[in-house]
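The values are calculated or read from the model by the stated rules, or taken from the named source; none is laboratory data. Owing to the predicted nature of the structure, the values given are computational and were not obtained by experimental measurement. FYI the Cβ positions are ideal-geometry reconstructions off the backbone, even for glycines, and counts take in every protein chain you see. Keep in mind that these areas ignore ligands, DNA and RNA; they rest on the heavy atoms of the full protein, side chains included. Shrake-Rupley method; radii C 1.70, N 1.55, O 1.52, S 1.80 Å.
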Amino acid sequence: MATIKVDLSKKVKDMKIMHAGGQPPVIGASFSHFHYLTEAGIPYSRLHDVGGPYGGGKYVDIPNIFRDFDADVDDPASYDFTFTDALITALKENNIEPYYRLGITIENNAEIKSYRIDPPRDFDKWASICEHIVAHYNEGWADGYHYNITYWEIWNEPDDGARVSQMWNGTPEDYYRLYEVTAKKLKARFPNIKVGGYASISLAAGYRKIEKTRPDYEQLQYYLKFFQGFWKHIKETDTPIDFYSWHSYGDTKNVLIQADYIHKCLTEYGYGHIETHLNEWNPFADQRGTAHHGAEVAAMMLGMQNKPQVDILAIYDARKTQGRYTPFFDPYTNLPTLHAYYSFAAFNFLYKLGAQVELDCHTDGIYAVAAVKENRGALMISNVSGEAHDLNIEGINLEGAHWYVIDSKRLLSWSPECKTIENNSVILIEFNV
């Protein structure tokens, strides 16, 4: 039996943004599917890998906006904002906040030849280009906007260098310096934005024992040494950082352990107060469209909500194309008919209520969060334990409550009161306080 005890009188903290997305569902220059993100309540879209290889040649990436690195950095004519303007405007019109990655899209065939992943020839000029992009979207520069975009991430996975890299051909020290120069310039000009990085590819060698016999042992050690060197550099150079971003595609239980490890390290380095963002994650991605995948996605959001160490989750990602990392849309119908989408919609019920309340549940593999606002409340439960459990819910008046289920047969569908939560299923209960 899974016993869940709720104390509606004890607020724990505000609900966090555990249901942000990766790149939005752009096809060519069509943004017609953005409303599905709005309907699921997805509050942020991280702009990385947008539009296909090389950013589709049009979107977000620095080489797509500033096409000639030898051009005058102060001349508006040097910048091509056309497609990125349309993208960000469509996001804002659909009440989705952009989370802007300053850098480049992954080059999946870099082992043959790479084009954009060398360090910039002039770090100060690259930082000035970024400064003008922020000014365009937040201060109206170059016929721009006043969108007040908060989060600006400097590059993505520059620690992907222990093998043939797809993201960064430079040394760790090259990236440390690029981050330093760019972060200092941006924070000096725009003190109210939040600047961070570095979208770490992995810290597996830190939070769990890695055997030296593993073929990727040296690679994993490289990631860890990159991490340690980064914090040493920014501390010694007094470089500003508002958030640390990292990636993990592991299962919920292991990623929660990793979050503890990262928080421990940041605290030791003197940065335990900054935000941390898990802005690429997707457990059991090859099972997309299954009840198990939907339940794992729900478990991750609920598990991270219960931890103080992570402030934002952004799943990878919200495209509507075929592929294992596209958990929302059926590529044949282009409709959001996959389980993970409805797990996001269910979490949004809690998020809109605003205040997480105290909850105790000690059954391994059962994740749960309850939230309230005035006379309304909701409880969300995910079961990835491997077996069904009878439910014993205490502290909530369930008379007249509405129950919704995500499982192998239902996608956030109304259901009579559930006495049992099946394995690989999610239950959302709305009730009166």
Note to self: Kirkwood Rh of the range 65-149, Cα pairs, one decimal, Å, is 14.2
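For the chain, with only Lys/Arg (+1) and Asp/Glu (-1) charged at the beta-carbon, what is the dipole magnitude about the Cα centre, in debye rounded to 20?
Rounded to the nearest 20 debye, it is 540 debye.
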For the range 233-273, what's the radius of gyration and Dmax over Cα atoms, in angstrom?
12.1, 36
Among SER202, VAL426, ILE4, whose Cα projects farthest towards the positive end of the dipole of the chain, with charges put on the beta-carbon of Lys, Arg (+1) and Asp, Glu (-1)?
ILE4
Shape category assigned to the range 191-295 from the gyration tensor of Cα positions, a/c cut at 1.5:
oblate
What is the spread of the Cα atoms of the chain along each of their three principal axes, largest first, in whole Å?
68, 49, 41
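Tell me, in nm to one decimal, what length is gained between ASP143 and TYR115 on full extension, where the rule is 0.36 nm per residue of separation less the Cα-Cα distance?
Values: separation 28, 0.36 × 28 = 10.08 nm, distance 3.01 nm.
That works out to 7.1 nm of additional length.
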For an R0 of 51 angstrom, estimate the FRET efficiency from the Cβ-Cβ distance between ASN392 and ASP74 and round to the nearest 0.05.
0.20
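Magnitude of the Cβ-charge dipole of the range 76-147, K/R +1 and D/E -1, about the Cα centre, nearest 20 debye? All intermediate terms of the calculation are to be shown ahead of the outcome.
Values: 6 positive and 12 negative charges, 34 e Å.
Charge dipole of the range 76-147: 160 debye, to the nearest 20.
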Pull up the cross-link candidates among the lysines for LYS209, meaning alpha carbon to alpha carbon under 26 Å and not fewer than 8 places away within one chain.
LYS225, LYS232, LYS253, LYS264, LYS307
In terms of modelled amide H atoms, which long-range or inter-chain residues lie less than 5 Å from the amide H of GLU280?
TRP246, SER248, ALA314
If you average the C-alpha positions of the range 83-132 and of the range 30-67 separately, how far apart do those two centres end up, in angstrom?
10
Extreme residue, positive dipole direction of the chain, given options ASN397, ASN334, THR82 (C-beta unit charges)
ASN397
In degrees rounded to 10, the 0-90 angle between helix 217-236 Cα long axis and the longest Cα principal axis of the chain is 70
Sort the range 170-212 into rounded, prolate or oblate with this rule: let a ≥ b ≥ c be the square roots of the eigenvalues of the Cα gyration tensor; rounded if a/c is under 1.5, and if a/c is not under 1.5, prolate when a/b is larger than b/c, oblate otherwise.
oblate
Selected from LEU91, GLY51, VAL297, residue furthest toward positive end of dipole (the chain; charges at beta carbon):
VAL297
Quote the FRET efficiency, to the nearest 0.05, computed for ALA86 versus ASN432 with a Förster distance R0 of 60 Å and r equal to the Cβ-Cβ distance.
0.85
Rounded to the nearest 10 Å², the 1.4 Å probe accessible area of LYS11 is 130
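Multiply the residue separation of ASP330 and GLU218 by 0.36 nm, subtract the distance between their alpha-carbon atoms, and state the gained length in nm to one decimal. Numbers along the way, then the final one.
On the way: separation 112, 0.36 × 112 = 40.32 nm, distance 3.80 nm.
Contour length minus Cα-Cα distance gives 36.5 nm.
Which net charge results for the neighbourhood of LEU353, defined as the other residues with beta-carbon distances under 13 angstrom from its beta-carbon, given Lys and Arg at +1 and Asp and Glu at -1? Please report the intermediate quantities before stating the final value.
On the way: positive: LYS11, LYS13, LYS16, LYS352, LYS373, ARG376; negative: ASP14, GLU374, GLU430.
My count for the surroundings of LEU353 gives +3.
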Length-normalised contact order for the chain - Cα pairs under 8 Å, 6+ apart - percent
19
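Any of LYS187/LYS352; LYS16/LYS187; LYS5/LYS352 with alpha carbons more than 27 Å apart? Name them for me. Working shown, then result.
Working: LYS187/LYS352 31 Å; LYS16/LYS187 25 Å; LYS5/LYS352 22 Å.
Over 27 Å Cα-Cα: LYS187/LYS352.
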Taking the chain as a Gaussian network, where each spring joins two C-alpha atoms under 10 Å apart, which residue of ILE210, ILE117, ILE65 fluctuates the most?
ILE210
When the scattering of the range 103-175 is computed by the Debye formula from its Cα atoms alone, each counted once and equally, what is log10 I(q)/I(0) at q = 0.21 Å⁻¹?
-0.92
Under a Gaussian network model of the chain whose springs join Cα atoms within less than 10 Å, the largest fluctuation of ALA371, ALA135, ALA20 belongs to ALA135
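Magnitude of the Cβ-charge dipole of the range 294-433, K/R +1 and D/E -1, about the Cα centre, nearest 20 debye? Walk me through the intermediate numbers first.
On the way: 10 positive and 16 negative charges, 127 e Å.
Its charge dipole is roughly 600 debye.
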Ignoring everything but the protein chains, give the 1.4 Å probe accessible area of CYS265 in square angstrom, nearest 10.
10
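Below 15 angstrom from the Cβ of VAL73, what's the summed charge of the other residues (Lys, Arg +1; Asp, Glu -1)? Write down the numbers at each step before the final one.
Values: positive: ARG67, ARG121, LYS125, LYS185, ARG189; negative: ASP68, ASP70, ASP72, ASP74, ASP75, ASP80, ASP122, ASP124, GLU131.
So the surrounding residues net to -4.
If r is the Cβ-Cβ distance from ASP238 to LYS264 and R0 is 35 Å, what FRET efficiency results, to the nearest 0.05?
On the way: r = 23 Å, r/R0 = 0.65.
It comes to 0.95.
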Proximal lysines relative to LYS409, as straight alpha-carbon distance under 24 Å, when same-chain residues fewer than 8 apart are discounted
LYS320, LYS419
